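Structure, as structure tokens:
The values are calculated or read from the model by the stated rules, or taken from the named source; none is laboratory data. Note that the coordinates shown come from a computational prediction; the quantities given were computed from them, not determined experimentally. Glycine gets a Cβ as well: all are built from the backbone with ideal geometry, and neighbour counts include every protein chain shown.
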Amino acid sequence: MIEPHGGKLIELEMSDDRREKTLAEINEFIRVQVNAEQCQEIENIAQGVFSPLEGFLTKNEYRSVLEHSRLSNDLPWTIPIVLDVSEDVAKTAKPGDSVALIGPYGPSAILAVEDVYEFDKTNHAKTVFGTTDENHPGVKRTNEMQKHLLGGKIELIQTYKNPFDDHYLKPKESRVLFQQNGWGSIVAFQTRNPPHIGHEYIQKASLTFVDGLLINPIIGKKKAGDFKDEVILESYKALIDNYYPKEHAVMSILKTEMRYGGPKEAIHHSIMRKNFGCTHFIVGRDHAGVGDFYGPYDAHEIFKNFPDLGIKPFFFKSFSHCKICSGPVNEKICPHPPEDHIFFKGTMVREIVNTGNTPPKEMMRPEVVEVIKSYQDPFVK
């Protein structure tokens with residue numbers, strides 16, 4: 001099986017005895033409030049989704065990621081995983097301290113403070129997202145952050161029940177499943193939309209070259225206008241139940257937020273799927289993009305900078321249904337003009353659904369349409 005990123009799958013969950021002792025002493029720690037999204041990233045660190053990270057980036061690691069898109073040991077890493085804190089916390093917490101990270105439902109983790117530092121939001125946004133335009137949701141999110149960051153290793157006290165946890169496998173669990181299935185090669189598909197025919201075509205085309213397919217939808221904070229998590233999950237369940245071979249396809253969620261970071265997020269998405277045990281990763285048109293901030297195939301080009309990534313990308317261009325060819329095609333294999341095509345785009349599907357219309361069968365499976373239409377309001381507000 002493919003090695004995790006950095007060679008070791010990180011596991012930082014406390015034993016039962018240590019958890020009990022820590023909870024009994026929790027009031028002795030400096031307390032730092034964290035939100036639900038930060039709690040999720042804490043869990044991703046502790047459960048190995050972000051291997052080899054063992055905590056939030058220190059100042060040296062943060063600079064290395066921003067300046068080189070690599071950790072200080074030269075391992076590819078493109079998205080800074082950081083913890084922003086208030087000025088009061090920054091004045092109180094010092095290197096060498098242990099602080100308790102308190103989430104909405106109670107203690108989440110203990111962080112051993114190594115660094116307390118300020119970061120330049122403008123430089124962060126420009127470097128990670130390629131823009132400082134606040135119309136970009138990642139830039140907006142960056143500007144809303146506190147200006148101080150805490151860096152250091154964490155230990156997870158407890159996880160919190162997610163309503164979709166029945167569909168979640170930790171990296172160590174997905175690896176066991178792949179081994180049990182006898183899959184030596186696995187391709188992962190990233191999604192934040194219900195599946196249209198183009199998605200299905202890409203997934204099945206990729207599956208012809210490997211043993212197994214991991215459909216891995218992102219469940220977490222998204223921008224207004226995106227489909228709700230439950231709509232994405234239920235529509236994929238309908239597709240898999242009706243159109244996929246059970247012995248070669250599985251769905252498991254990825255609990256994190258979309259950053260809409262385009263090319264750099266494509267690399268980040270690949271690394272996470274490598275940690276789940278996947279050997280290949282599908283990169284489509286405008287991967288993790290938003291609006292017109294990135295070129296349609298910028299996320300393909302960036303992989304040239306990371307020959308040592310350790311997971312192989314499958315690149316796909318835009319697909320459509322050609323009325324003359326009577327099936328899914330792309331620009332390389334079909335000679336017919338645009339007016340003969342029905343194009344597969346998430347934005348187009350959202351527009352059709354938003355106006356109360358039904359996507360045509362050439363665009364979306366009827367079982368998927370039925371799921372979407374069963375929700376009175378399928379979109380994030």
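What pairs can you find where one residue is in the range 224-252 and of a type in the set (S, T, N, Q), the other is in a helix (DSSP H, G or I), and their Cβ atoms are less than 7 Å apart, with a gap of 6+ or different chains?
Matching pairs, first to second residue: 235/368; 235/371; 235/372; 242/367; 252/167; 252/174.
May I ask you to say which residue of 114, 61 is among the charged types (D, E, K, R), surrounded by 18 or more Cβ atoms within 10 Å (Cβ to Cβ) and in a helix (DSSP H, G or I)?
Of 114, 61, the one residue that is among the charged types (D, E, K, R), surrounded by 18 or more Cβ atoms within 10 Å (Cβ to Cβ) and in a helix (DSSP H, G or I) is 61.
Within the range 308-328, count every residue that is farther than 18 Å from residue 191 by Cβ, of a type outside the set (Lys, Arg) and touching a residue at least 12 places away in the same chain (Cβ under 8 Å).
Adding up the residues that qualify gives 7.
Would you check which residues across the range 168-204 are at pLDDT 95 or above, in a loop (DSSP other than H, G, I, E, B) and under 16 Å from the mean Cα position of the chain (by Cα) and list them?
Correct list: 168, 169, 170.
Of all residues in the range 117-167, how many are out of contact with any Gly (no Cβ under 8 Å at 6 or more places or on another chain), among the charged types (D, E, K, R), at pLDDT 95 or above and within 30 Å of residue 19 (Cβ to Cβ)?
Of the residues in the range 117-167, 1 are out of contact with any Gly (no Cβ under 8 Å at 6 or more places or on another chain), among the charged types (D, E, K, R), at pLDDT 95 or above and within 30 Å of residue 19 (Cβ to Cβ).
For the range 315-350, name all the residues that are of a type in the set (Val, Ile, Thr) and either within 19 Å of residue 369 (Cα to Cα) or modelled with pLDDT of 95 or more (or both).
324, 342, 347, 349
How about the range 256-322: which strands (runs of 3 or more DSSP E) wholly inside it have at least 2 residues that are out of contact with any Asp or Glu (no Cβ under 7 Å at 6 or more places or on another chain) and under 24 Å from residue 176 (Cα atoms)?
Per the criteria, 280-283, 312-315.
For the range 113-153, how many residues meet the condition of being closer than 14 Å to residue 61 by Cβ and touching a Phe, Trp or Tyr at 6+ places or on another chain (Cβ under 8 Å)?
Here the count works out to 6.
I'd like the full set of residues that are farther than 23 Å from residue 269 by Cα and hydroxyl-bearing (Ser, Thr, Tyr), limited to the range 1-54.
Matches in the range 1-54: 15, 22.
Does any residue of the range 165-177 turn out to be closer than 30 Å to residue 361 by Cα, touching a Phe, Trp or Tyr at 6+ places or on another chain (Cβ under 9 Å) and either touching a residue at least 24 places away in the same chain (Cβ under 8 Å) or not assigned by TED's automatic domain parsing to the domain that holds residue 362 (or both)?
Within the range 165-177, none of the residues are closer than 30 Å to residue 361 by Cα, touching a Phe, Trp or Tyr at 6+ places or on another chain (Cβ under 9 Å) and either touching a residue at least 24 places away in the same chain (Cβ under 8 Å) or not assigned by TED's automatic domain parsing to the domain that holds residue 362 (or both).
Restricting the search to the range 41-58, which residues are β-branched (Val, Ile, Thr) and either buried (at least 23 other Cβ atoms within 10 Å of the Cβ) or under 16 Å from the mean Cα position of the chain (by Cα) (or both)?
42, 45, 49
Quick one: how many residues across the range 361-376 are outside any helix (DSSP H, G or I), surrounded by fewer than 18 Cβ atoms within 10 Å (Cβ to Cβ) and either in contact (Cβ under 8 Å) with a residue 24 or more places away in the chain or touching a helix residue (DSSP H, G or I) at 6+ places or on another chain (Cβ under 9 Å) (or both)?
Summing the residues that are outside any helix (DSSP H, G or I), surrounded by fewer than 18 Cβ atoms within 10 Å (Cβ to Cβ) and either in contact (Cβ under 8 Å) with a residue 24 or more places away in the chain or touching a helix residue (DSSP H, G or I) at 6+ places or on another chain (Cβ under 9 Å) (or both) in the range 361-376 gives 4.
So, in the range 220-247, exactly how many residues are out of contact with any Ser or Thr (no Cβ under 8 Å at 6 or more places or on another chain) and β-branched (Val, Ile, Thr)?
Within the range 220-247, residues that are out of contact with any Ser or Thr (no Cβ under 8 Å at 6 or more places or on another chain) and β-branched (Val, Ile, Thr) number 2.
Does residue 241 satisfy the condition of being acidic (Asp, Glu) and either touching a Leu at 6+ places or on another chain (Cβ under 7 Å) or closer than 19 Å to residue 281 by Cα (or both)?
no
Condition check ((1) under 30 Å from residue 27 (Cα atoms); (2) more than 23 Å from the chain's Cα centre (by Cα)) across all residues:
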{"site": "78", "(1), (2)": "no, no"}
{"site": "87", "(1), (2)": "yes, yes"}
{"site": "93", "(1), (2)": "yes, yes"}
{"site": "100", "(1), (2)": "yes, yes"}
{"site": "119", "(1), (2)": "yes, yes"}
{"site": "122", "(1), (2)": "no, yes"}
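For residue 74, state whether it is touching a residue at least 60 places away in the same chain (Cβ under 8 Å), charged (D, E, K, R) and either farther than 28 Å from residue 144 by Cβ or not in a loop (DSSP other than H, G, I, E, B) (or both).
Against the criterion (touching a residue at least 60 places away in the same chain (Cβ under 8 Å), charged (D, E, K, R) and either farther than 28 Å from residue 144 by Cβ or not in a loop (DSSP other than H, G, I, E, B) (or both)), residue 74 does not qualify.
What are the residues in the range 273-293 that are buried (at least 23 other Cβ atoms within 10 Å of the Cβ) and touching a Ser or Thr at 6+ places or on another chain (Cβ under 6 Å), if any?
Listed by number, the residues that qualify are 275, 276, 277, 281, 282.
Can we say residue 37 is in a helix (DSSP H, G or I) and surrounded by fewer than 22 Cβ atoms within 10 Å (Cβ to Cβ)?
yes
Which condition does residue 305 not pass, out of (1) touching a residue at least 12 places away in the same chain (Cβ under 8 Å); (2) polar (S, T, N, Q); (3) more than 30 Å from residue 135 (Cβ to Cβ); (4) surrounded by fewer than 17 Cβ atoms within 10 Å (Cβ to Cβ), if it passes all the others?
(3)
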